[in-house]
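Following: one structure in structure tokens, then a few remarks.
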There are 2 protein chains.
Amino acid sequence: MRLFKLILCLMVITHVVMAQSDPLPSWNEGKAKSTIINFVTEAIKPGGANFIPKEERIATFDQDGTLWVEQPEYTQVVFTADQVRELADKHPEWRTQEPFKTVIERGVEGLKTLSEQQVAHLIAVIHSGMTVEQFLSTVNAWLDQARHPRFNQPYTKLIYQPMLEVIRYFQENGFKTYIVSGGGQEFIRAYAARTYEIFPEHVIGTAGKVAYEYQEGKPVLKKLPEVLFIDDKQGKPASINLFIGRRPVAAFGNSTGDQQMLEWTRGVPGNRIALLVHHDDPVREYAYGPDSRIGTFSDALMKEALDSGWIVISMKNDWKQIFSFER
Amino acid sequence: MRLFKLILCLMVITHVVMAQSDPLPSWNEGKAKSTIINFVTEAIKPGGANFIPKEERIATFDQDGTLWVEQPEYTQVVFTADQVRELADKHPEWRTQEPFKTVIERGVEGLKTLSEQQVAHLIAVIHSGMTVEQFLSTVNAWLDQARHPRFNQPYTKLIYQPMLEVIRYFQENGFKTYIVSGGGQEFIRAYAARTYEIFPEHVIGTAGKVAYEYQEGKPVLKKLPEVLFIDDKQGKPASINLFIGRRPVAAFGNSTGDQQMLEWTRGVPGNRIALLVHHDDPVREYAYGPDSRIGTFSDALMKEALDSGWIVISMKNDWKQIFSFER
């Protein structure tokens, strides 16, 4: 035990020495990078005017479009379309029943015609009866074989290297880093620990209800075909309050779905930053704005960002490298 | 920064030296105490058969009757009865409307006639329209002046010293300590940080819905008169899954409301403990069992505890001291 603690102690000293190097090597110098570094530097300076006590160092990150690619479709939408087709054999009634029929016949294109609520409901319905563990295995089996149509990489490799550096930088400086996503909570939990080192208790997302049952005398949690809450737009500050019970001091998003989370973060005075990833790089990734069906970056959002002192991250100009797999 | 880290390092060394002393001084020697100490000792032993990686060190604690006194009434029930009477002036319609009428006329005695669902609903209704911050202030203002009828102490002093030592012992050994209570989440959050050093993100309880609104251009979260979920019985494993996404390795409860949480914790093999506080000390605290209206310790629960290898903590025999204020 003593030896273990002394090794830990040596690791702390090593860390002090290493902390001098650039924490965000994939970022070009500019306002976005300097804002993040200044914020953290000030936040951890004991006695400084902008010091943030360790327990209040909460940073929240949207997932789709902020931490990984969301074009041409949300990953979970591709997964869901695949799942509806795969599970259709067990549910012959789906062939004539909407919205299943549309999805069976037209796949992702059919799913795209549904509203966010309809998709959330569909996701809840198709996996109902599964235990939570079975669902996690199903997601991981799918992620193992699925490839992104353009980059021909597993989706879990399509995470943004610069954002990964931000997460690590925050974590190393005592911040708790939460994902706050409109996507399914369990879907994200399936891979967030290995991709971001963000553990299940720090993953907040749209959630379904579960039932506590016994299977062969052992308790299980089975997914029910009902949505508990949708974690998007106004739902994000609400879920942050539910799960964390404090306002974040830093929030990262990329669309109108994140607007309220950023407002909430900056809604009280103090050392607080809000940042939006702007997809303006059609060569290395995608460029999309107010006209996008997903990840909408509306003109009103850009105006609010400029009026409110939020930082707009230009993928094209601020990021030296986009994806982690490019390393 | 360097100085700060070196101080931290000295603290680690001091901690190694101090770790030799008894971590649970308010506990008498016995099976309960030795089970807890053996569990933690094994859990942190690197390479040991019962080692638990740091990220999986999750311990959950029921609140009423496990961490603080719940007799003769749940504290939140007393608070709610007081609130209904205080707010009744602004709601003349309550005087003729149930269940308000009963509570206005008969106070706590009236409230006791309602079901758990009715109480949860009543709590949601009476504070609807308040912001979350206003509710926290209201709870704290009440806690500042309220006194327990028997011990004539603030409720926040009626926490169990032996359990406080368990929480601290777990925390110092890298465990995350969560409260998982049938009581209101925000009610507990109002005092849990100062009483237990359990921060809001580690408080899970029965939760209400909130609305995101703007007040003078600033975002607020207003309480709605609707319950989101009830965190009791089967609701406890469900909320543990929702908030934490992993099974606890240690769980503490005291009643049939905690049964499923303890089953869930011990539902897979490995180094996992489940403990029940048994209120069998009418002299220093209370004695109540299957006949209790609250905190029910049924015969079936005692049987399940014995059959399943859960540890029953006898307040009378296992605890040298009961309350923190007795120090």
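The values are calculated or read from the model by the stated rules, or taken from the named source; none is laboratory data. Since this is a predicted model, take the numbers as computed values, not measurements. Glycine gets a Cβ as well: all are built from the backbone with ideal geometry, and neighbour counts include every protein chain shown.
Checking each residue in the range A:290-327 for being of a type in the set (Ser, Thr, Tyr) and either within 20 Å of the chain's Cα centre (by Cα) or part of a loop (DSSP other than H, G, I, E, B) (or both) picks out A:Ser292, A:Thr296, A:Ser298, A:Ser314, A:Ser324. Candidates are the residues of the range A:56-81 that are modelled with pLDDT of 95 or more and acidic (Asp, Glu); the one that is nearest to A:Tyr286 (Cα to Cα) is A:Glu70.
Scanning the range B:19-29 for residues that are out of contact with any strand residue (DSSP E or B) (no Cβ under 8 Å at 6 or more places or on another chain) and either buried (at least 22 other Cβ atoms within 10 Å of the Cβ) or modelled with pLDDT of 95 or more (or both) yields B:Asp22, B:Pro23, B:Leu24, B:Pro25, B:Glu29. I'd like the full set of residues that are surrounded by 14 or more Cβ atoms within 10 Å (Cβ to Cβ) and away from chain A (no Cβ under 14 Å), limited to the range B:35-51. Within the range B:35-51, B:Thr35, B:Ile36, B:Phe39, B:Asn50 qualify. On the stretch given as the range B:95-132, residues that are assigned to a helix (DSSP H, G or I) and surrounded by fewer than 13 Cβ atoms within 10 Å (Cβ to Cβ) total 5. Of the residues A:Ala274, A:Ala251, the single one that is farther than 21 Å from A:Val69 by Cβ and in a strand (DSSP E or B) is A:Ala274. Only one entry of A:Arg293, A:Arg247 meets the criterion of being out of contact with any Pro (no Cβ under 9 Å at 6 or more places or on another chain) and basic (Lys, Arg), and that entry is A:Arg293. For the range A:198-232, a residue qualifies if it is more than 8 Å from chain B (Cβ to nearest Cβ), surrounded by fewer than 23 Cβ atoms within 10 Å (Cβ to Cβ) and closer than 25 Å to A:Trp264 by Cβ, and the qualifying residues are A:Val227, A:Ile230.
Looking across the range B:254-271, the residues that are under 14 Å from the mean Cα position of the chain (by Cα) and part of a helix (DSSP H, G or I) come down to B:Gly257, B:Asp258, B:Met261. Starting from residues that are among the charged types (D, E, K, R) and out of contact with any Asp or Glu (no Cβ under 9 Å at 6 or more places or on another chain), keep the ones in the range A:69-94 and report whichever is surrounded by the most Cβ atoms within 10 Å (Cβ to Cβ). In this case the residue turns out to be A:Glu73. Looking only at the range B:257-293, which residues are farther than 29 Å from B:Ile52 by Cα and surrounded by fewer than 18 Cβ atoms within 10 Å (Cβ to Cβ)? Result: B:Asp281, B:Pro282, B:Val283, B:Arg284, B:Ala287, B:Gly289, B:Pro290, B:Asp291, B:Arg293. Is it fair to say B:Glu73 is more than 14 Å from chain A (Cβ to nearest Cβ), under 30 Å from B:Glu326 (Cα atoms), in contact (Cβ under 8 Å) with a residue 60 or more places away in the chain and not polar (S, T, N, Q)? Yes: the conditions hold for B:Glu73. In the set A:Asp89, A:Asp144, only one residue is assigned to a helix (DSSP H, G or I) and within 30 Å of A:Gln171 (Cβ to Cβ); that residue is A:Asp144. The set of residues from the range B:171-197 being within 30 Å of B:Pro46 (Cα to Cα), within 11 Å of the chain's Cα centre (by Cα) and within 12 Å of chain A (Cβ to nearest Cβ) comprises B:Tyr178, B:Ile179. None of B:Phe100, B:Phe79 is farther than 29 Å from B:Met163 by Cβ and away from chain A (no Cβ under 14 Å) except B:Phe100.
Here's the yes/no breakdown for (1) within 14 Å of chain A (Cβ to nearest Cβ); (2) closer than 13 Å to B:Ser324 by Cβ; (3) crowded, with 16+ Cβ neighbours inside 10 Å:
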{"residue": "B:Thr138", "(1), (2), (3)": "no, no, yes"}
{"residue": "B:Ala141", "(1), (2), (3)": "no, no, no"}
{"residue": "B:Phe151", "(1), (2), (3)": "no, yes, yes"}
{"residue": "B:Tyr155", "(1), (2), (3)": "no, yes, yes"}
{"residue": "B:Tyr160", "(1), (2), (3)": "no, yes, yes"}
{"residue": "B:Met163", "(1), (2), (3)": "no, yes, yes"}
{"residue": "B:Ile167", "(1), (2), (3)": "no, yes, yes"}
